[in-house]
1. Which count do you get for residues in the stretch B:18-39 that are within 13 Å of DNA strand D (Cβ to nearest atom), more than 15 Å from the chain's Cα centre (by Cα) and either at positive phi or not charged (D, E, K, R) (or both)?
2. Scan A:L55, A:L37, A:L24, A:L47 and give me the residue that is more than 26 Å from A:C78 (Cα to Cα) and touching a strand residue (DSSP E or B) at 6+ places or on another chain (Cβ under 8 Å).
3. Of the residues A:I64, A:I92, A:I87, A:I27, only one is at pLDDT 85 or above and farther than 29 Å from B:A21 by Cβ; which?
4. Can you tell me how many residues in the stretch B:40-52 are in contact with a helix residue (DSSP H, G or I) (Cβ under 8 Å, 6 or more places away or on another chain) and more than 13 Å from DNA strand D (Cβ to nearest atom)?
5. Could you tell me whether A:L55 is closer than 14 Å to A:K3 by Cα and near DNA strand D (Cβ under 10 Å from one of its atoms)?
6. Restricting to strands (runs of 3 or more DSSP E) lying wholly in the stretch B:18-121: which have 2 or more residues that are facing another protein chain (nearest Cβ under 8 Å) and buried (at least 17 other Cβ atoms within 10 Å of the Cβ)?
7. Give the stretch A:13-28 a look and list any residue that's in contact with a helix residue (DSSP H, G or I) (Cβ under 9 Å, 6 or more places away or on another chain) and within 15 Å of DNA strand C (Cβ to nearest atom), or say none.
8. Can you name the residue in the stretch B:1-17 that is in a loop (DSSP other than H, G, I, E, B) and within 14 Å of DNA strand D (Cβ to nearest atom) and, of all such residues, is modelled with the highest pLDDT?
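The values are calculated or read from the model by the stated rules, or taken from the named source; none is laboratory data. Please read these numbers as outputs of a predicted model, since none were measured by experiment. Cβ placement follows ideal geometry from the backbone for every residue including glycine, while neighbour counts extend to all protein chains displayed.
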There are 2 protein chains.
Amino acid sequence: MNKSDLKLISVLERTGGFASAQELHQILRREGDGIGLTTVYRALQSLVDDKIVDLLRRDDGEAIYRLCGDGHHHHLVCKGCGQTVEIEGGAIENWAKTKAEEFGFREVAHTAEIFGLCSKC
Amino acid sequence: MNKSDLKLISVLERTGGFASAQELHQILRREGDGIGLTTVYRALQSLVDDKIVDLLRRDDGEAIYRLCGDGHHHHLVCKGCGQTVEIEGGAIENWAKTKAEEFGFREVAHTAEIFGLCSKC
DNA sequence: ATGGAAATGATAATCATTTCCATTTGTGAT
DNA sequence: ATCACAAATGGAAATGATTATCATTTCCAT
């Protein structure tokens, strides 16, 4: 955990939702920090390794990052404005576990996102 | 649906699992087909639009394709060997619909994948 | 102060995917 | 069969994210 890692955590805390490495780099630059893109990638990688941030993928495959919350949860993402709401898994947790066992899978993890248009859009 | 689309479907049928655009292109080339990479991408795109193949992402973000079964379904993917099983959504369908309504979202779609190690790995 | 390890960042390399554009192929009307 | 035109094709270049290189700088413990 070094200085750059902390900077990235700070930005992720302030932005809240998901952001790509390139976006995070731009934000830091805009704030006057001369941090290099390479360092941003390195810091994110190490934070992912330490399970401090989650990595998922946009539709186009670009990697996006967010701080891990305490609990496990999923997202409701607006296709219009990008607003995201964290929601509890509930039924899906059991579904994933049940299905995995049914086919003899171990060490399972799952992803689930819901996309739609929010009430404003 | 043109000649190239059919070629791609044929390869996907024979290979069974998931394959990336680059891999599919190499396979066709190896078989003596002079098809261009551009055409492979175009054909895959149109097959995805027509919901004939599924598109998902490897860990590194590379797009991988697979023939769709008939209905809406999800995947159980082995992290070890890449084997995939199509599974019915069941509970998750209702979960997605309920949660979306709860927050006033419209035109919702969802994604859900389960990852784990299959019994062989 | 100093030596070495870790961190940094500019630049170049890599790799999947898209865009461009000229050429070829298929098709329908005559 | 032939002509005209749209659709399909494929090679090359462009794009954009991510990674590798490597020289330089920062940190620390001595």
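1. Residues flagged as within 13 Å of DNA strand D (Cβ to nearest atom), more than 15 Å from the chain's Cα centre (by Cα) and either at positive phi or not charged (D, E, K, R) (or both) within the stretch B:18-39 amount to 10.
2. After ruling out the rest, the residue left standing is A:L47.
3. A:I27
4. 1
5. Judged against the criteria, A:L55 is not a match.
6. Strands (runs of 3 or more DSSP E) meeting the threshold: B:74-78, B:84-87, B:106-117.
7. Within the stretch A:13-28, A:A21, A:Q22, A:L24, A:H25, A:I27, A:L28 meet the criteria.
8. Top of the filtered list is B:N2.
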